[in-house]
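The values are calculated or read from the model by the stated rules, or taken from the named source; none is laboratory data. Please read all numbers here as calculations on a predicted model, not as lab measurements. Cβ: placed from backbone, ideal geometry, glycine included. Neighbour counts: every protein chain shown. Heads up: the accessible areas ignore ligands, DNA and RNA and are worked out on the full protein's heavy atoms, side chains in. Shrake-Rupley method; radii C 1.70, N 1.55, O 1.52, S 1.80 Å.
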Amino acid sequence: MVTSIIRRLFQALFVILAMTVIVFIGVSVIGNPVDILINPDANQVERARVIAHYGLDEPLWKQYFIFLRGLAQGDFGDSFVYGRPALGLILERLPATLELAIAALGIAIVIGLPLGLYAGLYPSRISSRIIMTGSILGFSLPTFWVGLMLIMIFSVELGWLPTNGRGPTLEFLGGQWSFLTSDGLRHLLLPAFNLALFKTSLILRLTRAGVQEVLPQDYIKFARAKGLRERRIIAVHVLKNLMIPVVTIVGLEFGSLIAFSVVTESIFAWPGMGKLIIDSINLLDRPVIVAYLMMMVLLFVVLNFVIDTCYTILDPRVRLDSKA
Amino acid sequence: MTSLLSVNNLVTEFGGGKGASGLRAVNDVSFKVERGRVLGLVGESGSGKSVTGFSVMRLLERPGRIASGQIIFDGVDLARLSNEEMRQIRGKRIAMVFQDPMMTLNPVLTIETQMVEAVRAHDQVSKTTARQRARDALGLVGIPNPEERLSSYPHQFSGGMRQRVVIAIALLHKPELIIADEPTTALDVTIQSQIISEFQKLTEESGTAVIWITHDLAIVSRLADDIAVMYAGRLVESGPVSSVLTDPKHPYTAGLIASVPSRNRRGVPLRQIPGMTPAITMLPRGCSFRTRCDRATDECLVIPPLFPQQERFVRCFHPVMKAMT
């Protein structure tokens, strides 16, 4: 276990380094942040002072090494736009994105898993076909359009739910959370549902496919031959085998919810990390972009590790230490 | 005394229903199993022998269904029981052992879980009691360290050991009948032999009747009391093993026996049955074996009935009169 953790950390380190190089080169190719940062009316002296202040007068490779030196001391650099440490800026937005992602994933699992199970167990029923057809809509309708429709229906027409923002928040574990207040919860509902739609369909179809793969297996037939009740066969024999692919997808999708919920956050003006990264890209705020992408790499590495650990619990045939 | 199991004119179809008839995998099959006796159900792949076994267990998978016939078990027609009534019989009074021990046990559950749940599906006992019974059952089928092995997963056992576990599960409730569907086909020959002896010993001790489904005549001659030969979904010959194997009446049975290597016929080419088993979708008219049979005449264009011959039955107009050797 320990060796596999260390191995993964090294892998993560390597990926993060590669990521910084790519971002550094990428952002400098797209445009010069100086053009955006500095007031066009500023004179040459002012201009030179700002450029020197951000270290942008150095050649790119030198800037990169200065950045790496800071990184070794835990300093990701200050945001060009906000003038504050980039990492702090991101961590400040983390709770908003995190609660949105968890809520969306929760909805997706609570709806997707039972419906998928039902559609898999009774594939010929009309209700199953309706579920499966509905799931096609779920993953083919574009997120932004569904988001707009949700706002149109539930906020504009019915006036049940607020259109944007997080609502009042409460402090908990050093972050500001919406789900702790009832009004914040109302604000969370629409964006979470919008994000969940695609994931629900994904989990639903995966579950159904899994059920149909497990059901014809001999061990299910043998479980019936033992005289087990149908409920136990489904809840234990089918579900436990099913969990292996579902956990994989849920884990990876959780990562993508955190990293790529940009569209939904923009539509509902949800002040999460997605909104921050889009703004930063627009302003070529390199420190924030780099810090954000590095965090995402770390997130996926950690998630993959958690998924792999889950395998060892779910599937006794998998042992992490067996092979180097 | 009535038979333990009496299958009468069983028809199992795939598809069809509501007046339309589907594919008949089992066609008008009747046989009896007496208490404590072993019936060898023999046939090639696709002859319907496994489907017969699953029909008795009521474990057919869709679109398979019992279209007509009776399955009288200890005076009760299993074909007419509700699902819950059937569940109470499965595993308790009729158990089943499957062909491939690699596939029969759930790979993600411990042996303990799979045995304890089998005990508690029928008997309301505590987990501790169920566990003790599971452990004793493992010991009975010759698994060393049953206490430790209970917490193992199936992949930690060899094929032979897994089949022992499966047999232990089948014997948990001391069933009156065990349906063994080619339980040794997937095993090494040496292991096969051990498992068969073990099985024979255990069922004899507990007086359990067995339907042993196989294509291996050698196994049948070794452990069965009676034999029923199936061809293309129909029973073609049945009777006591000793007389059927030494003096087969149906040309198909005779052909099967002649195609088994024997040390008395060393150097002589093995005799084969010409042609192939017809697909169930395009059976020839009349006797299904007609096209492969050298004794067939125009009379065989009609399906022959089962002719009684002393204590035996044979479905042929032109039975073989004396052993062909």
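General remarks:
- Helices (runs of 4 or more DSSP H) lying entirely in segment A:184-280 (those with 2 or more residues that are within 13 Å of the chain's Cα centre (by Cα) and more than 14 Å from every other protein chain (Cβ to nearest Cβ)): A:239-259, A:262-267
- Failed item in (1) more than 14 Å from chain B (Cβ to nearest Cβ); (2) open to solvent by 40 Å² or more (accessible area, probe 1.4 Å), with A:Tyr292 passing the rest: (2)
- Subset of segment A:57-80 [in a helix (DSSP H, G or I), aromatic (Phe, Trp, Tyr) and touching a residue at least 24 places away in the same chain (Cβ under 8 Å)]: A:Tyr64, A:Phe67
- All told, A:Ile107 falls short of being open to solvent by 60 Å² or more (accessible area, probe 1.4 Å), in contact (Cβ under 8 Å) with a residue 24 or more places away in the chain and within 24 Å of the chain's Cα centre (by Cα).
- Test: residue in segment A:307-318 that is more than 14 Å from every other protein chain (Cβ to nearest Cβ), open to solvent by less than 30 Å² (accessible area, probe 1.4 Å) and of a type in the set (Asp, Glu): no
- Within segment B:91-192, helices (runs of 4 or more DSSP H) holding 2 or more residues that are within 8 Å of another protein chain (Cβ to nearest Cβ): B:101-104, B:111-120, B:159-171
- Number of residues in segment A:133-160 that are of a type outside the set (S, T, N, Q) and crowded, with 17+ Cβ neighbours inside 10 Å: the value is 6.
- Within segment A:25-55, the set of residues being open to solvent by 30 Å² or more (accessible area, probe 1.4 Å) and within 18 Å of A:Pro85 (Cβ to Cβ) comprises A:Leu37, A:His53, A:Tyr54.
- Verdict on A:Leu91 being under 30 Å from A:Gly165 (Cα atoms), open to solvent by 60 Å² or more (accessible area, probe 1.4 Å) and either among the aliphatic types (A, V, I, L, M) or in contact with a helix residue (DSSP H, G or I) (Cβ under 8 Å, 6 or more places away or on another chain) (or both): yes
- Selection within segment B:193-234 - open to solvent by 10 Å² or more (accessible area, probe 1.4 Å), farther than 20 Å from B:Arg93 by Cβ and in a helix (DSSP H, G or I): B:Ser193, B:Gln194, B:Ser197, B:Glu198, B:Gln200, B:Lys201, B:Leu217, B:Ala218, B:Ile219, B:Ser221, B:Arg222, B:Leu223
- When the residues of segment B:56-65 are filtered to those that are more than 29 Å from B:Phe157 (Cα to Cα) and at pLDDT below 90, the one that is nearest to the other protein chains (Cβ to nearest Cβ) is B:Arg62.
- B:Thr52 away from chain A (no Cβ under 14 Å) and open to solvent by less than 20 Å² (accessible area, probe 1.4 Å): yes
- If the condition is being closer than 23 Å to A:Phe254 by Cβ and either under 13 Å from the mean Cα position of the chain (by Cα) or open to solvent by 50 Å² or more (accessible area, probe 1.4 Å) (or both), then segment A:110-132 contributes A:Val110, A:Ile111, A:Pro114, A:Leu115.
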